[in-house]
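Right, one structure below, let's go through it.
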Amino acid sequence: MAKRGFLVFIVLLLLVIAAMPVVSMLLESVMVNARLSFAPYAGLMTSAHQWTLMGHSTALSSLVTLLTVALGVPLGIVLGKTDLPLRRLFAAVFVIPLLIPPYIIAISWSDLLGREGLVAPVFGTAFTESATHLLFGLPGCVAVLFTIFLPIPMLLTMIFLRTIDPHLEEAGRLVTGWRGILKGITLPLILPGILLSAMLVFLLSLGEFSVPNFLRYDVFPVESFVQFSAFYDFRAATAAAVPLAAITLILLLAEAVFLRDKTYELHPSADAGQRREIELGTRRRAWFVLVAVAAVALVVLPLVVLLVQSAGLHAYTEALSRAGASLMRSLIYAVIGATLLTFLGFFTGYLVHTKALRVWRTVDSLTIFVFALPSTVVGIGLISLWNTPWTNFIYGTPLIIIVGYLAKYTALTSRISAARLAQISPSMEEAAQVCGAGWFRRMARIVAPLARRGLLAAWTVGYIFSLRDTGITMLVYPAGHETLPVRIFTLMANGSQQLIAALCVIMIIATLLPVGLVWMVPAMRRSQAIK
Amino acid sequence: MSVVDIDSVSKSYDGEMALDRVSLQVEQTERVVILGPSGCGKTTILRLIAGFIAPDAGSICIAGELVSRDGRILKPPEERDLGMVFQDLALWPHLSVAGNLEFGLKAKGMARRQRKDAIDEMLKLVGMQALAHRRPSELSGGQQQRVALARALVLQPKLLLMDEPLSSLDLDLNLRLRKEILRLHEQLGFSMIHVTHDRDEALELATRMVTMNAGHIEDEKAAR
């Protein structure tokens, strides 16, 4: 009874946090002077500007998806399945752009190639003019978002490769070489993962607003944000948000029909110890150079540019004096958000994994839907629901930011928890039940400790995504409670390049340092225990 | 000339000795059954012959040709002309029954017409012709075993390696498939190394029985 009651409470909580803002936004968009009207949508269909935005949004998302999948999958295979030296380090390096606010990479490329960029004195005005022309527009947006989302197909390829029974490839090894096996066996087996990564990249590119906004490329999320923040035209902002919600819903329905059962729970293969690596042989050095050059060009170079641009103690002193409070707030909100996300995600994951309530699939789909929705849409939904005199204790305080994190990112911690719980034998909980332990005790003493690595991973992911969030926070933060990504974003309008670069470096350190510590301390303890 | 000649082969994993100077020869059309408890090194012998792993010391010859020696694989698995049935069968789930058989034929560059004939013939031999377009997940345990056998034999290998393929079956199905293996062996005339921990199975299938324990061959004798 305790189990059922608590899980029902979790479902209701998710309904209030995640579903109601979207419903409220949709209702508000069709209510004109307290009467039902679809006039805003009719206007949407006939507006040439809206169709231009649609063209821009789909072109950007499609190109980014094509590029990231075309290069991310081979990269995932090279890093996940070959004997390439330093492949773990390379994988970690390629992931960095995904962990930091997306616009930081755009700023860095602008600092390098822009009219006043670092290369301007060397290559001259003609070069920087051409580079600026390319950077500020579709090609630049594609390049930057490609760098940011490349880790998604790369990581999913690596993860799905680990789920393949090594015997399936060995059976192929008896008749053909690795090239034939990759084409005929491995790639078809990981196809659901590749399609999932393509869908994720498409949706995330579609919803990304900070990069197109910085690089001045008009897409739906930028329009939505501008209509809301510059003109405070809620209806126009919603009208720009609804096509994004519709595309998201269609793609997720397709995922539910074609992929859900194939990608839902990932189990490492039982014979993982026998997993075969592709020996690169004489091509090992060439592959190493190729991957190293890609890592330097896509990740190391932008980071170095920021370091060079921000060089000098003065920039950091000024950055901390102008944004120190925002940094502290960011860290506090991210820690609170990650902790609550881990808690909510654990029980949502438990519900989804055990199918304890009949609505488990609906709950899972709801969290995924809200995660896939562009941040600006979620932000507008939150405003629509919570901006009332009765709920000002939430809307007028930083609580609204935390509610936004929970609405948007529970899918991540829920999926991580569900995947970890799937690896724990149900008999573990049953044995505790036979011993007379109640459900809460079983959760606290047996299931959660067994799932602790999954919980740690969920907390880390929750922390990263809460800290880097720009879209939701930008729309809902109460006066005087802006976070560091928002502060950097607003300072971009009038701050010096040096100051912005220093703030970006601080932001990167604030992301990577705690994550590194969270993972290194237990690892060091384990290694000391072994000694 | 022996089909396989294993000479003083040793293999260890993370410092644990799995095989210690093991020698074994398999002759044409011979059915060698390796019998022993879990962890005695039976599967390691098969994986060494297949070329999935290299021996730390010693050498392996297949049909008189040196294929592995002293930590080096000289000939990759796909060039060794072997068939193998894995313990978990390892049927490719994304391919149909016919697709599972066709994969190797295609890799060998066989023409479409010849591929179809070879697949039809082999499926007829194992009584699976009617289910050629089914996926492995749509088959019963016994049917999956037959497909795994057919896939291993369709390339007409000179040696068939069998890694406890019958261990997960109920006794009735196990007995029927033993008969099936013997019938196929008689019809196709391949050599075979079959690994098991079941003495009855070993006695029924073997022309020669090799008993292993803790990485050593303890006993080797012709079956009755």
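Since every read-out is calculated from the coordinates, none of them should be taken as a lab result. Only a predicted model underlies this, so the values are computations on that prediction, with no experimental measurement involved. Backbone-built Cβ (ideal geometry, glycine too); neighbour counts: all protein chains shown.
Overview of results
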read-out	value
Listed residue (A:A19, A:H353, A:V377) projecting farthest to the positive dipole end of chain A, Cβ model	A:H353
Residue order, fewest to most beta carbons within 10 Å, for B:K75, A:K408	B:K75, A:K408
Farthest toward positive dipole pole in the range A:51-309 [+1 Lys/Arg, -1 Asp/Glu at C-beta], among A:A59, A:G172, A:Y232	A:G172
Relative contact order of the range A:51-309, pairs being alpha-carbon contacts under 8 Å that are 6 or more residues apart, as %	32
B:K75 paired with A:M328, simple spin-label distance in nm, labels 7 Å along Cα-to-beta-carbon	7.4
Net length gained if the chain between A:A292 and A:W51 were fully extended (0.36 nm per residue, minus Cα distance)	82.7 nm
FRET efficiency, A:A246 to B:Q156 (Cβ-Cβ, R0 51 Å, nearest 0.05)	0.35
Rg and Dmax of the range A:96-242, Cα atoms only, in Å	21.0, 67
Net dipole in debye of the range A:378-531 [+1 Lys, Arg Cβ; -1 Asp, Glu Cβ; about Cα centre; nearest 20]	640
Residues with amide H under 5 Å from that of B:M84, placed H, sequence gap 5 or more	B:L161
Share of Cα-Cα pairs in the range A:107-150 lying beyond 17 Å, as whole percent	29
A:T339 versus B:D7: modelled label distance in nm, points set 7 Å from Cα along the beta carbon direction	6.9
Rh by Kirkwood over Cα pairs, then Stokes-Einstein D for chain B at 1.306 mPa s and 10 °C, µm²/s	89
Cα centre as origin, Lys/Arg/Asp/Glu Cβ charges: the range A:51-309 dipole, Debye	660
Gyration tensor (Cα) of the range A:51-309, equivalent ellipsoid semi-axes in angstrom	36, 26, 13
Net charge dipole size for the protein assembly as shown [Lys, Arg +1 and Asp, Glu -1 on Cβ; Debye, nearest 20]	700
Amide proton proximity set for B:I34, modelled H, under 5 Å, gap of 5+	B:H194, B:V195, B:T196, B:V210
Residue-wise HN-Hα coupling along the range B:79-86, computed from phi with Karplus coefficients 6.51, -1.76, 1.60 (Hz; x: Gly, Pro)	9, 9, 6, 10, x, 9, 10, 7
Simple label model, 7 Å out from Cα along Cβ direction - B:K108 to A:V304, nm	5.3
Per-residue ³J(HN,Hα) for the range A:494-499, Karplus 6.51 cos²θ - 1.76 cosθ + 1.60, θ = phi - 60°, Hz, x for Gly and Pro	9, x, 6, 4, 4, 5
Kirkwood-based shape ratio for chain A, expressed as Rg/Rh from alpha carbons	0.97
